[in-house]
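Working notes, structure below.
The values are calculated or read from the model by the stated rules, or taken from the named source; none is laboratory data. Keep in mind the model is a prediction, meaning the values are calculated, not measured. Methodologically, a virtual Cβ is constructed for each residue, glycine included, from the backbone with ideal geometry; neighbour enumeration extends over all protein chains shown.
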Amino acid sequence: MYKGGLIQQVAGSRLVRPRTNASNAVMAIVETPRLVLRPPIGSDVEPMMVIHQNPDVIKYLDSHVPGDIAVAWRNVAIMIGHWSISGFGPWTIVMKESSQIIGRAGLWYPAGAADVELGWMIRRSDWGRGFATEAASAALAWAWQHVDTDHIVSSISAANTRSIRIAEKLGQRLESTRVVDGEAIHTFGIHRSAAMTSPPVESQV
């Protein structure tokens, strides 16, 4: 079990328990052919702020508006805190070739959540190179090995066709749709049993 703590959900629901002690940052680093996924650190604040200045990047995020350095600091602090509390969370994505931070991807499970959620975000200049698929696929594979959950979801705007394609490449299937502030939000999900029988993911998006 992780030593970083657990998140208690609403009464009557289950806990999602990490399978191993990966609160150690070294154990939680994930490598793909082109990327390194590592737990966030304080120096990620400025590059994350810059990435979030692009209107295409933030179009389907909760805020829909770019934030200043203070907002970026809070966001990175939340990511770091998630790892500290849960033993898993969102990774910072670093490109091996340039050592540049190009986004984030990983797991989100705040108190009261029904399921572990997988999300991803890539800076605008690197869209279309398959980085989001590559990072999300690696994060999902890590989750099945290290997080005691049988169901992982992704919440995606119905208008966000790029992320929908990525979710489908990961083997996620549309499970439900809800309307939030007039916007249709799809929930895509995958169960552990389906993931174990899925073919390898190709990074084309």
(message) Condition (residue is more than 16 Å from V30 (Cα to Cα), in contact with a helix residue (DSSP H, G or I) (Cβ under 8 Å, 6 or more places away or on another chain) and either buried (at least 22 other Cβ atoms within 10 Å of the Cβ) or modelled with pLDDT of 95 or more (or both)) applied to the stretch 135-146: is it met by at least one residue?
(response) no
(request) Would you tally the residues in the stretch 169-205 being over 21 Å from A114 (Cα atoms) and at pLDDT 95 or above? (result) 1
(message) Among the residues that make up the stretch 46-67, is at least one of them surrounded by fewer than 22 Cβ atoms within 10 Å (Cβ to Cβ), under 28 Å from T161 (Cα atoms), small (G, A, S) and free of Cβ contacts under 8 Å to residues at least 40 places away in the same chain?
(response) yes
(request) Determine, yes or no, whether I190 is among the aliphatic types (A, V, I, L, M), touching a helix residue (DSSP H, G or I) at 6+ places or on another chain (Cβ under 8 Å), under 25 Å from I101 (Cβ atoms) and buried (at least 19 other Cβ atoms within 10 Å of the Cβ). (result) no
(message) Of everything in the stretch 70-108, what is of a type in the set (V, I, T) and within 10 Å of the chain's Cα centre (by Cα)? Give them in sequence order.
(response) T92
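Each row is one residue, and each column tells you yes or no for (1) among the charged types (D, E, K, R); (2) part of a strand (DSSP E or B); (3) modelled with pLDDT under 95.
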| residue | (1), (2), (3) |
| --- | --- |
| V71 | no, no, yes |
| V76 | no, no, no |
| W91 | no, yes, no |
| G106 | no, yes, no |
| G112 | no, no, yes |
| L118 | no, yes, no |
| R129 | yes, no, no |
(message) So in the stretch 132-166, with the set limited to residues that are part of a helix (DSSP H, G or I) and charged (D, E, K, R), which one is nearest to the chain's Cα centre (by Cα)?
(response) E134
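Okay, residues lined up against (1) touching a helix residue (DSSP H, G or I) at 6+ places or on another chain (Cβ under 9 Å); (2) on the phi > 0 side of the Ramachandran plot; (3) hydroxyl-bearing (S, T, Y); (4) buried (at least 17 other Cβ atoms within 10 Å of the Cβ):
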position	(1), (2), (3), (4)
R74	no, no, no, no
W83	no, no, no, yes
S98	no, no, yes, no
W108	yes, no, no, yes
V116	yes, no, no, yes
D150	yes, no, no, no
T161	no, no, yes, no
I164	no, no, no, yes
(request) Mind telling me which of the residues R129, R104 ends up being buried (at least 17 other Cβ atoms within 10 Å of the Cβ) and either touching a residue at least 12 places away in the same chain (Cβ under 8 Å) or not aliphatic (A, V, I, L, M) (or both)? (result) R104
(request) Looking only at the stretch 1-14, decide whether some residue is surrounded by fewer than 17 Cβ atoms within 10 Å (Cβ to Cβ) and either in contact with a Pro (Cβ under 6 Å, 6 or more places away or on another chain) or modelled with pLDDT of 95 or more (or both). (result) no
